[in-house]
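Student: Below you will find the structure I want to go over with you.
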Amino acid sequence: MKKLMAANWKMYKTREEAKATAEELLKLAASSLPEDREVLVCPPFTSLGVVSEVFSGVPGFFVGGQDFYFREEGAFTGEIAPGMLLDQGAHFGLTGHSERRHVIGEGDELVGKKTAFGLASGLSVILCIGELIEERRAGRVEEVLERQLRLGLADVPNDIDPERLCVAYEPVWAIGTGEVAGPREILEAHAFVRKTMVAMFGDNANEIRILYGGSVKPSNCAEIIALDNVDGVLVGGASLQGESFSQIVLA
Ligand code: PEP
């Protein structure tokens, strides 16, 4: 299974800035990218085209959307369809990112509809899940992760190509805070995610990549990526500079 090193640029960068960062990343990481790694950049929608052009023809480098709606087209002001992401050269789309859930207010059912529709439309989808600090303190981590997985993947067919589905475990308290989950917390959560997905999808789920996200940086990436059941990382802040993200990609 190839490790997926994913960047989420959130609401940062003009097209010119995005192009420059993507070019710098390629310069620093493309020639030495190990065979067993893939790189994904999720820029704002406005920069999908420009980053796709920079990555065009470079093996192992992909582009993705940070979110999308569960319809092909229609009167859905402000939304974007999976087909439109594909048209901009994207292969991936995120669903259920913590900021969509906790800043914008998306619930599990909506996240589930998006995940199933994105997959059915031909995107590879990364479903993001993770508990709030209050939920962890109350001993509810497994309950929250199980609910987010069961509702988030409710309409995904059992025979889904496991290469096209990833789950990102991102404890909310570790996103953008500088606070990283410790190895034990990551191991426990990822093992639970694996077990729950095997219960849902059978052996197929052993091939579904589980990414860790939450304040990953060049200094901690090697340790995190080596843990059992960690099949990649999803990186926000430290992915915004080509230099630091390239160190993560090659860690
Ligand atoms: C994220 O946005 O998914 C994320 C993990 O952010 P950061 O790396 O900044 O914590």
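Student: What residue, among those in the range 226-246 that are more than 14 Å from the ligand (Cβ to nearest atom) and either in contact (Cβ under 8 Å) with a residue 12 or more places away in the chain or closer than 17 Å to residue 175 by Cα (or both), is most open to solvent (accessible area, probe 1.4 Å)?
Tutor: Applying the filter and picking the extreme gives 228.
Student: If residue 122 satisfies all but one of (1) buried (at least 18 other Cβ atoms within 10 Å of the Cβ); (2) under 26 Å from residue 41 (Cα atoms); (3) not hydrophobic (A, V, I, L, M, F, W, C), what's the number of the condition it fails?
Tutor: (1)
Student: Please go through the range 163-179 and give me each residue that is open to solvent by 20 Å² or more (accessible area, probe 1.4 Å) and either among the charged types (D, E, K, R) or more than 9 Å from the ligand (Cβ to nearest atom) (or both), ordered by number.
Tutor: Those that are open to solvent by 20 Å² or more (accessible area, probe 1.4 Å) and either among the charged types (D, E, K, R) or more than 9 Å from the ligand (Cβ to nearest atom) (or both): 163, 164, 172, 173, 179.
Student: To continue, here is another question. Between 99, 106, 134, which is touching a Lys or Arg at 6+ places or on another chain (Cβ under 8 Å) and in a helix (DSSP H, G or I)?
Tutor: 99
Student: Could you check the range 57-66 and list, in sequence order, the residues that are farther than 20 Å from residue 2 by Cβ and more than 12 Å from the chain's Cα centre (by Cα)?
Tutor: Scanning the range 57-66 gives no hits.
Student: Mind listing just one residue for me: the one in the range 180-204 that is free of Cβ contacts under 8 Å to residues at least 24 places away in the same chain and within 16 Å of the ligand (Cβ to nearest atom) and, of those, most open to solvent (accessible area, probe 1.4 Å)?
Tutor: The selected residue is 185.
Student: Could you please give the count of residues in the range 2-53 that are on the phi > 0 side of the Ramachandran plot and either more than 16 Å from the ligand (Cβ to nearest atom) or within 18 Å of the chain's Cα centre (by Cα) (or both)?
Tutor: So the answer is 1.
Student: Would you check which residues across the range 142-162 are farther than 15 Å from residue 210 by Cβ, open to solvent by less than 70 Å² (accessible area, probe 1.4 Å) and assigned to a helix (DSSP H, G or I) and list them?
Tutor: Result: 144, 151.
Student: Which ones in the range 205-225 are more than 15 Å from the ligand (Cβ to nearest atom), open to solvent by less than 40 Å² (accessible area, probe 1.4 Å) and assigned to a helix (DSSP H, G or I)?
Tutor: 205
The values are calculated or read from the model by the stated rules, or taken from the named source; none is laboratory data. This is a predicted model, so every value here is computed, not measured. Cβ atoms come from the backbone with ideal geometry, glycine included; neighbour counts cover every protein chain shown. What goes into the accessible areas is simple: the full protein's heavy atoms, side chains included, and nothing from ligands, DNA or RNA. Shrake-Rupley method; radii C 1.70, N 1.55, O 1.52, S 1.80 Å.
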